[in-house]
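Structure, as structure tokens:
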Amino acid sequence: GEDVEQSLFLSVREGDSSVINCTYTDSSSTYLYWYKQEPGAGLQLLTYIFSNMDMKQDQRLTVLLNKKDKHLSLRIADTQTGDSAIYFCAESIGDYKLSFGAGTTVTVRA
Amino acid sequence: DTGVSQNPRHKITKRGQNVTFRCDPISEHNRLYWYRQTLGQGPEFLTYFQNEAQLEKSRLLSDRFSAERPKGSFSTLEIQRTEQGDSAMYLCASSFGQGLDKNIQYFGAGTRLSVL
């Protein structure tokens with residue numbers, strides 16, 4: 001199957017950490033991705049992780065991959081109001097196609 | 001770096017009309033992808049090109065849809081006899097297409113289609 005599942009909503013206080021979780025199904029996925037989408041805009045590639053890695057850190061972003069459980073998470077440290085957006089998890093299917101979850105809407109409150 | 005460019009950003013049309021969208025990929029990217037996104041959902045794959053060759057089409061791409069990439073640079077997506085169910089955001093992406101990062105896809109801002 002090609003189902004990527006994410007929780008739909010997350011509310012976080014400004015300055016706290018956000019953690020967005022995702023499960024995927026294709027154990028042969030080479031890469032897993034996190035994209036950000038602001039209202040009315042396209043998708044911005046935030047980060048991606050190769051399937052043979054457990055963790056990747058990039059400034060305020062930390063990606064954790066548990067390949068055994070097919071679980072991916074994105075942690076945003078020191079969440080800011082500009083981080084309010086929809087975050088999509090995606091897995092690669094074959095070497096050309098991405099399969100996306102429905103997105104997690106993150107709301108940052110003051 | 002100009003990124004992936006899509007035109008128009010918005011298109012409103014009446015049911016039954018034909019529409020065409022354009023995508024200009026990142027230069028030197030030889031793969032180009034089309035996705036469709038409906039409200040509250042993630043993007044769904046439609047089709048992709050390696051240079052000028054269309055290598056894969058989703059079953060979502062009915063015979064009213066056609067995509068071209070004649071010179072391996074920009075691409076067009078045409079929808080004939082539009083239906084209200086075609087209303088969606090149409091997203092284009094491109095990737096380098098070679099090496100380990102061949103499938104790292106960068107998206108454009110999308111074309112939002114509204115069929116009345």
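The values are calculated or read from the model by the stated rules, or taken from the named source; none is laboratory data. Note that the coordinates shown come from a computational prediction; the quantities given were computed from them, not determined experimentally. Here Cβ is always computed from backbone atoms with ideal geometry, including for glycine, and neighbour counts include all displayed protein chains.
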Return the pair list, or none, for Cβ contacts closer than 6 Å from residues in the stretch A:58-79 that are at positive phi to residues that are surrounded by 16 or more Cβ atoms within 10 Å (Cβ to Cβ) and in a loop (DSSP other than H, G, I, E, B), at least 6 apart or on different chains. A:Lys70/A:Tyr24
Can you list residue pairs whose Cβ atoms sit under 8 Å apart, with the first residue in the stretch A:24-36 being within 10 Å of chain B (Cβ to nearest Cβ) and over 18 Å from A:Tyr87 (Cβ atoms) and the second being of a type in the set (Ser, Thr, Tyr) and not in a loop (DSSP other than H, G, I, E, B)? Count only pairs 6 or more apart in sequence or on different chains. A:Thr30/A:Ser92
Before we move on, is B:Gln54 surrounded by 13 or more Cβ atoms within 10 Å (Cβ to Cβ) and assigned to a strand (DSSP E or B)? yes
Could you tell me how many of the residues in the stretch A:54-79 are in contact with a strand residue (DSSP E or B) (Cβ under 9 Å, 6 or more places away or on another chain) and surrounded by 13 or more Cβ atoms within 10 Å (Cβ to Cβ)? 16
All but one of (1) out of contact with any helix residue (DSSP H, G or I) (no Cβ under 9 Å at 6 or more places or on another chain); (2) within 13 Å of chain A (Cβ to nearest Cβ); (3) of a type in the set (D, E, K, R); (4) surrounded by 15 or more Cβ atoms within 10 Å (Cβ to Cβ) hold for B:Arg59; state the number of the condition that does not hold. (4)
Pick from the stretch A:31-53 the residues that are farther than 30 Å from B:Leu39 by Cβ and of a type outside the set (A, V, I, L, M, F, W, C): which of them is surrounded by the most Cβ atoms within 10 Å (Cβ to Cβ)? A:Ser51
Scan the stretch A:27-46 and tell me whether some residue there is at pLDDT below 95 and either over 30 Å from B:Ser5 (Cβ atoms) or in contact with a Lys or Arg (Cβ under 6 Å, 6 or more places away or on another chain) (or both). yes
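So that you can scan it fast, the table gives a plain yes or no per residue for (1) among the aliphatic types (A, V, I, L, M); (2) in contact with a Gly (Cβ under 7 Å, 6 or more places away or on another chain); (3) facing chain A (nearest Cβ under 9 Å):
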residue	(1), (2), (3)
B:Arg31	no, yes, yes
B:Pro43	no, no, yes
B:Ser66	no, no, no
B:Met89	yes, yes, yes
B:Phe96	no, no, no
B:Thr111	no, no, no
B:Ser114	no, no, no
For the stretch B:1-51, which positions are hydrophobic (A, V, I, L, M, F, W, C) and part of a strand (DSSP E or B)? B:Ile12, B:Val19, B:Phe21, B:Cys23, B:Leu32, B:Trp34, B:Phe45, B:Leu46, B:Phe49
Restricting the stretch A:59-69 to residues that are more than 13 Å from the chain's Cα centre (by Cα) and of a type outside the set (S, T, N, Q), the one modelled with the highest pLDDT turns out to be A:Arg60
Please indicate, with yes or no, whether at least one residue in the stretch B:75-94 is at pLDDT below 95, at negative phi and surrounded by fewer than 18 Cβ atoms within 10 Å (Cβ to Cβ). no
Residue selected from the stretch B:61-90 under the condition touching a residue at least 60 places away in the same chain (Cβ under 8 Å) and within 12 Å of the chain's Cα centre (by Cα), by the criterion nearest to B:Ile26 (Cα to Cα): B:Tyr90
Qualifying residue in the stretch A:73-93 (condition: modelled with pLDDT of 95 or more, in contact with a helix residue (DSSP H, G or I) (Cβ under 8 Å, 6 or more places away or on another chain), over 28 Å from B:Gly97 (Cβ atoms) and not aromatic (Phe, Trp, Tyr)): yes
